[in-house]
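Here is the structure we will look at.
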Amino acid sequence: MIGKQTSDVYESDLQGWQLEKQLRGDQGLEIILAGRWCLDQALPSWEVLKTELGKNDLRRLFFRADQLVAWDTGLLAFLSGVLKFSARHDIEVDCSGLPAGVQHLLNMASVGPEQNIGAGRQSKAGMFSRVGVATIDFCRGFPEMLHFLGEVTLSMGRLLTGRAQFRRSDFWLEVEEVGPRALVIVTVISFLVGLILAYLGADQLRLVGAQIFIADLVAIGMVREVGALMTGIIIAGRTGAAFAAQLGTMQVNEEIDAFRTLGISAIDFLVLPRILALMLMVPLLTLYASFVGMTAGLLVSYFIFDIGFFEYYTETLRALEIKHFMVGLAKGGVYGAMVAYAGCLRGMHCGRSAEAVGEAATSAVVTGILLITIMASLMTIIFYRLGI
Amino acid sequence: MPGTPHIEVCNLTMAYGDFIVQHDLNFVVQKGDIFIIMGGNGCGKTTLMRALVGLQKPAAGTVSYEGEDFWNVSANDQERLKRRFGVMFQGGALWSSLTLAENVALPLHEYTSLPQELVDEIVSFKLALVGLAGFEDFYPAELSGGMRKRAGLARAMALDPDILVVDEPSSGLDPLNARHLDDLILELRDGLGTTIVVVTHELASILSIGSNSIYLDAETHTMIATGNPQQAAQTGDAKVRHFLSRGEL
C-alpha cells in the first residue's frame, strides 16, 4: 500500500457489513469490504461513496475483500452501482481484490448479449396529450368496427353461397351455451321485471279505475320491448363477455394467426357460428322471457289486485296481436347479432396479454349494451313510422 | 458445500387421476449441484418439477428439503420453504400488467424491507445478469419469447434463493443466449452456492453444466438412470446413451 493518507470507516454492528476507504497513491482509492454483505440486513447504497468517487483527480479504484465473511446480491448491487458510476466518470477499476465469484457475476452482468438496445421509453405524457391520444384511439375504433362489419357481411355472403367453412358442431355448442344454459337467469330476471311492470301499471291505472289494463301493459310491454331488451342485456353480460374472452385468449395463443396462415378464414370459422347461434337463440329466449313476464303479471294481478284469472287471460289475448310478436322477435334477433358482433369484434382485436383479454371482455359488454340501446331506439322510431 | 443433501426425494409417485406419470422416484440433490431432470417429451419432467416446488401434491412419497418433508409440514412451514426456492417457468410466466422491473421487484418488496434505491439497483443488476439491461420499463408483451424467458429467470433469482428450479431454460433461445444462460447458471452455483435443478432435454446444456442427473423414462414410467450426465453418456443405461447421442448409439 502506498502512502496511507486518510481512512474513513463505516461500520454497522458486529455481524454486519463494514466499509472502509483508503487513498492509494495520488489518484487512487481503495475500498475495503469486510463482514457480512447479505440482504437480510440493511445494506448501504453505493451513494455513500459518491463524494469520494466524484472527486476530480480520482483515476483508479481498487478493492480489498480479505475480511469479507459472506456476500450475496446485496454486495453485487452495491458494487454494480459503483462500477456504473466509475464507467461514467472514466475511473479505471481494478476488481482483482474481489472474490472470484463476485468478479465473474459482475462480469456477466456487463457483457450480456443484449446490452442497452432498449433506448429507454418515452416519459409519461401530460394530461392533455393523454386525452388527445385516447380520443384519437377512440376515433380509430370506428373504421375498425366498420372493417369488421364488412368482413362479417362477406362471411355471411359466403355462408349463403355455401362456401363458408365452419364446423356444425361448433354452432350447436354455441347454441347450447347461449340457449338452455341461459334459461335460469332469463327466467329469474324476466319474472321480476314482469312483476315490476305489473305493480307500476297497477299503481297508475288504479287512479282511473282501469286496473284490468295491467294485462295490456304487461303483455305489450314484455312482448314488444322489455323481453327483448332484458334478454339482450343478459346475453351481453353473459355470452358477449365470454366470446371476447375466448377469442382474446385464442389471439394471445396465436391460434387465430394459425388459422390465417392456413388460409382458413377465422371469421368464418370462429365468428360466424357465434353470430348465427345468437341470432337464432336470442329471439327464442325473448319469446320465453315475454311469457315468463306475463305470468308474473298474472300472478300479481290475481293475488294482489283481485283481477280474475280468466279476465286477465282474455284481456291479454285481446291486447296481443301477431305484429307485437314479430316486433319482439325482430328486436331479439338484432340484439343477438349486436351482442355477438361486439363480443367477436373485441375478441378478434384483443392484444396479446392477460390484461388485454380482460379489457376485451369489459369492452365487449359495454359495446354490446351500447349497440343494443342504439338499435332499440332506431327500431322503435322505424316501427312507429311504419305504424307497426 | 457439495456433499450435503439438499433435496431428498423418496418413493415419489405422481399421477393424474388413475394415470401414473412417474412412480418410485428416489434421488438426492446435493448442495451446490446442478441437477438435471431429463427425459423425452411427455415423460413427466415438468410434473416432477411441480411436485418439487410445491405446486402439485404427489400421489405418494416424500420430497424433503434439508430433512423437512414439504408435503407433511404445516401450511406456514410450506410457505417458509417455498420462499427458499426460485422457479423459472417455461414461458417466463411474467405478470403481464407489470413492467420487467416491477416483476423482479415484487418478491423483493413482499419479502424484504430494503430501501427503494437498493431494490432498484438489485433489479437492474439481475436484469443485466440475464442480458436485459435497459429493459426495466418494458412490459412482457413487448418482448420476444426468449427475452421473456430470461426475465423470468431474473425474477426467480430476485431473492437469492437457495434452490433455483428452471424449466427448459434454453429452449427457444439462440445458441449464444443459451450458452450465456448456461454460463450464468454455473456462475450462480459457484458464486452464491445456489443449488440448481434444471428440467431440460437440450443435449448441449445437459452435458456442459450438469453435475448430476436423473433420466425419466416414458415407457416404464420411472427413472432408469442417475448420475453425472457425461458418465451416463459413456457408460450408462442403453436407453440413456441412445437419448444422449440423439439416437446414434
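The values are calculated or read from the model by the stated rules, or taken from the named source; none is laboratory data. It should be emphasised that the depicted structure is a prediction, and the values quoted were computed from it without experimental measurement. Don't worry about glycine lacking a Cβ; one is built from the backbone with ideal geometry, like all the others, and counts go over all protein chains shown.
Could you please let me know if A:GLY194 is at pLDDT 90 or above, part of a helix (DSSP H, G or I) and touching a Gly at 6+ places or on another chain (Cβ under 7 Å)? Steps first, answer last, please.
Values: at pLDDT 90 or above: yes; part of a helix (DSSP H, G or I): yes; touching a Gly at 6+ places or on another chain (Cβ under 7 Å): yes.
Answer is yes for this residue.
Within region A:70-81, is there a residue that is surrounded by 15 or more Cβ atoms within 10 Å (Cβ to Cβ) and over 19 Å from B:VAL123 (Cβ atoms)? Don't jump to the end; show me each part of the working.
So the first thing to find is which residues in region A:70-81 are surrounded by 15 or more Cβ atoms within 10 Å (Cβ to Cβ), and the list is A:71-81.
With the extra rule that they be over 19 Å from B:VAL123 (Cβ atoms), the set shrinks to none.
Among the residues of region A:70-81, not one is surrounded by 15 or more Cβ atoms within 10 Å (Cβ to Cβ) and over 19 Å from B:VAL123 (Cβ atoms), which makes the answer no.
For region A:223-233, state whether one or more residues are farther than 25 Å from A:ARG181 by Cβ and surrounded by 20 or more Cβ atoms within 10 Å (Cβ to Cβ).
Yes, region A:223-233 has at least one match.
Select from region B:80-129 the residues that are within 7 Å of chain A (Cβ to nearest Cβ) and touching a Leu at 6+ places or on another chain (Cβ under 8 Å) and write down the one among them that is surrounded by the most Cβ atoms within 10 Å (Cβ to Cβ).
Per the stated criteria, the residue is B:ILE122.
Counting only residues that are modelled with pLDDT of 80 or more and of a type in the set (Phe, Trp, Tyr), give me the strands (runs of 3 or more DSSP E) lying completely in region A:1-77 with at least 1 of them. Before the answer, list the steps.
Values: elements: A:7-11, A:17-24, A:28-37, A:60-71.
By residue number, A:17-24, A:28-37, A:60-71.
Collect the residues in region B:212-230 that are over 14 Å from the mean Cα position of the chain (by Cα), farther than 22 Å from B:GLU248 by Cβ and at pLDDT 85 or above, keeping them in residue-number order.
Applying the first criterion (over 14 Å from the mean Cα position of the chain (by Cα)) to region B:212-230 yields B:215-230.
If we keep only those that are farther than 22 Å from B:GLU248 by Cβ too, we end up with B:220-223, B:226.
Scanning region B:212-230 gives B:THR220, B:HIS221, B:THR222, B:MET223.
List the helices (runs of 4 or more DSSP H) that sit entirely inside region A:99-190 and contain at least 3 residues that are within 26 Å of B:TYR139 (Cα to Cα) and modelled with pLDDT of 85 or more. Outline the logic, then answer.
Numbers: elements: A:100-110, A:127-160, A:168-178.
Filter on region A:99-190 gives A:127-160.
To keep it simple, each residue is scored yes or no on (1) more than 14 Å from chain B (Cβ to nearest Cβ); (2) among the basic types (Lys, Arg); (3) more than 30 Å from B:TYR139 (Cα to Cα).
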site: A:TYR288; (1), (2), (3): yes, no, yes
site: A:GLY297; (1), (2), (3): yes, no, yes
site: A:PHE303; (1), (2), (3): yes, no, yes
site: A:ARG318; (1), (2), (3): yes, yes, yes
site: A:HIS324; (1), (2), (3): yes, no, yes
site: A:VAL365; (1), (2), (3): yes, no, no
site: A:ILE372; (1), (2), (3): yes, no, yes
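Residue check, B:VAL197 against (1) without any contact (Cβ under 8 Å) to a residue 12 or more places away in the chain; (2) within 17 Å of B:GLN90 (Cβ to Cβ), all met but one. Which one?
So the condition that B:VAL197 fails would be (1).
Would it be correct to say that A:GLN103 is more than 10 Å from every other protein chain (Cβ to nearest Cβ) and surrounded by fewer than 20 Cβ atoms within 10 Å (Cβ to Cβ)?
no
So, in region A:146-171, of the ones that are polar (S, T, N, Q) and under 18 Å from A:GLY343 (Cα atoms), which residue ends up surrounded by the most Cβ atoms within 10 Å (Cβ to Cβ)? Explain how you work it out, then say what you get.
Our first condition is that a residue be polar (S, T, N, Q); within region A:146-171, this holds for A:153, A:155, A:161, A:165, A:169.
If we keep only those that are under 18 Å from A:GLY343 (Cα atoms) as well, we get A:153, A:155.
On the way: A:THR153: 11, A:SER155: 20.
Of everything passing the filter in region A:146-171, A:SER155 is surrounded by the most Cβ atoms within 10 Å (Cβ to Cβ).
Do any residues in region A:339-358 that are modelled with pLDDT of 90 or more have Cβ atoms under 7 Å from those of residues that are buried (at least 24 other Cβ atoms within 10 Å of the Cβ) and among the basic types (Lys, Arg), where the two are at least six apart or on different chains, and which pairs are they?
Correct list of pairs: A:ALA340/A:ARG274; A:CYS344/A:ARG274.
Just to confirm my filter: which helices (runs of 4 or more DSSP H) fall fully inside region A:293-388 and include at least 1 residues that are acidic (Asp, Glu) and under 30 Å from A:LEU146 (Cα atoms)?
Numbers: elements: A:309-319, A:322-348, A:354-386.
Those helices (runs of 4 or more DSSP H) span A:354-386.
I need a count of the residues in region A:253-268 that are in a helix (DSSP H, G or I) and either of a type in the set (S, T, N, Q) or surrounded by fewer than 18 Cβ atoms within 10 Å (Cβ to Cβ) (or both). Spell out how you get there, then give the answer.
Of the residues in region A:253-268, the ones in a helix (DSSP H, G or I) are A:255-261, A:266-268.
If we keep only those that are either of a type in the set (S, T, N, Q) or surrounded by fewer than 18 Cβ atoms within 10 Å (Cβ to Cβ) (or both) too, we end up with A:255, A:257-261.
Number satisfying all stated conditions: 6.
Report every pair of residues separated by at least 6 positions or lying on different chains whose Cβ atoms are under 7 Å apart, first residue within region A:30-41 and farther than 21 Å from A:ARG60 by Cα, second in a loop (DSSP other than H, G, I, E, B) and at pLDDT 85 or above.
A:CYS38/A:ASP72; A:LEU39/A:ASP72; A:LEU39/B:ASP160
Give the residues of region B:221-239 that are farther than 22 Å from B:GLN30 by Cα and touching a strand residue (DSSP E or B) at 6+ places or on another chain (Cβ under 9 Å), sorted by residue number.
Within region B:221-239, B:HIS221, B:ASP237, B:LYS239 meet the criteria.
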